[in-house]
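The values are calculated or read from the model by the stated rules, or taken from the named source; none is laboratory data. What you see is a predicted model; the values in this text were computed from it and never measured. To get the accessible areas, we keep the full protein, side chains included, count just its heavy atoms, and leave off ligands, DNA and RNA. Shrake-Rupley method; radii C 1.70, N 1.55, O 1.52, S 1.80 Å.
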Amino acid sequence: MSFPEALARAADAAQRRLDAALADRADQPVVHAMRYAVQGGKRLRAFLVLESAAMLGIPPEQAASAAAAAEALHAYSLVHDDLPCMDDDDLRRGRPTVHVKWGQATAVLAGDALQTLAFELLTDPALGTAERRVALVASLARASGAEGMVLGQALDIAAETAAVPLTLAQITQLQAAKTGALIRWSAQAGALIAGQDPGPLGRYATALGLAFQIADDILDVEGDADKAGKRLRKDAGAGKATFVSLLGMDGARARARALAAEAGAALQGYGSRAATLIAAAEFVIARER
């Protein structure tokens with residue numbers, strides 16, 4: 001299966017699982033907002049869950065709840081990041097953000113509920129033994145909390161008012177938490193479901209997550225807002241230090257290419273079974289949204 005086919009398959013599997021999880025919820029604005037928030041997107045995190053699982057012999061139907069959990073957690077983070085008190089965005093995935101459509105209070109609650117939904121999904125018995133499900137829950141909690149994604153967002157907010165722009169090392173630390181932590185969890189989920197060593201997939205995902213963020217910084221400068229589905233040129237307007245501002249455009253591109261190669265090298269031990277995951281690294285640095 002080619003990478004585009006695998007990505008489309010993952011998007012479909014994650015959406016079907018999310019739709020099923022939300023199908024019988026109360027007919028309330030917060031639930032409508034949740035359903036809206038989980039529509040669309042690249043579904044890279046779902047792909048990483050399903051493809052890492054497939055590489056280790058776990059079929060997609062067994063890993064689908066973990067893929068949906070990654071996307072529910074990611075959707076929650078976007079809903080909250082878009083709020084006026086955070087990044088203040090009015091466009092996401094080519095549509096009005098949740099707080100623009102339903103108001104800030106409903107957006108906060110929808111994000112809260114999507115976060116808890118992610119952990120509910122990880123209790124699915126299809127994911128394996130109780131011990132393996134606990135490992136998925138605990139590792140997602142670390143990746144999304146004050147040691148991971150929340151830490152990264154807090155560092156990002158602090159950087160907006162810092163007297164001195166962040167250094168390259170500080171930006172790398174920030175993005176390894178804000179963007180990279182959930183990408184790492186998604187790539188390692190297959191190994192946790194299979195009861196195998198998540199180390200190689202963790203090294204792959206660390207490089208992949210950083211390459212993803214560098215590509216985001218490049219897109220913010222050179223991208224097409226219609227293709228990206230969100231407002232661009234925000235970082236420069238806010239005077240924020242980015243990989244592009246610190247490395248230059250050519251340097252940022254070279255660093256992204258090197259990280260994609262590093263990601264691929266981490267999976268060499270899996271041979272041809274890792275081909276689609278390696279192709280994902282190339283996609284990440286060449287994407288337009």
Springs between alpha-carbon atoms under 10 Å, Gaussian network over the chain: tell me which of Gly271, Gly209, Gly57 tops the mean-square fluctuations. Gly271
Please identify the helices of the chain, taking whole runs of DSSP H, that span at least 24 Å along their own axis as judged from the Cα atoms and have a mean Kyte-Doolittle score of -0.5 or higher. 3-22, 60-81, 104-121, 199-222, 243-266
With Cα springs under 10 Å, the Gaussian network model of the chain assigns the largest mean-square fluctuation among Arg184, Arg43, Arg92 to Arg92
In region 89-141, carbon and sulfur make up what percent of the accessible area (probe 1.4 Å)? 60 percent
Could you give the distance between the Cα centres of region 257-271 and region 173-189, to the whole Å? 17 Å
Mean separation of Cα pairs under 8 Å and 6+ residues apart, divided by the residue count of region 1-120: what relative contact order is that in percent? 29 percent
So how much slack lies between Asp112 and Asp24, counting 0.36 nm per residue of separation and subtracting their Cα-Cα distance, in nm? 29.9 nm
Mean separation of Cα contacts under 8 Å (at least 6 apart) over the residue count of the chain, i.e. the relative contact order in percent, is 19 percent
Which of Ala154, Ala256, Ala63 fluctuates most in a GNM of the chain (C-alpha springs under 10 Å)? That residue is Ala154
Taking 0.36 nm per residue of separation between Ala105 and Gln170 and subtracting their Cα-Cα distance, the length gained on full extension comes to 20.1 nm
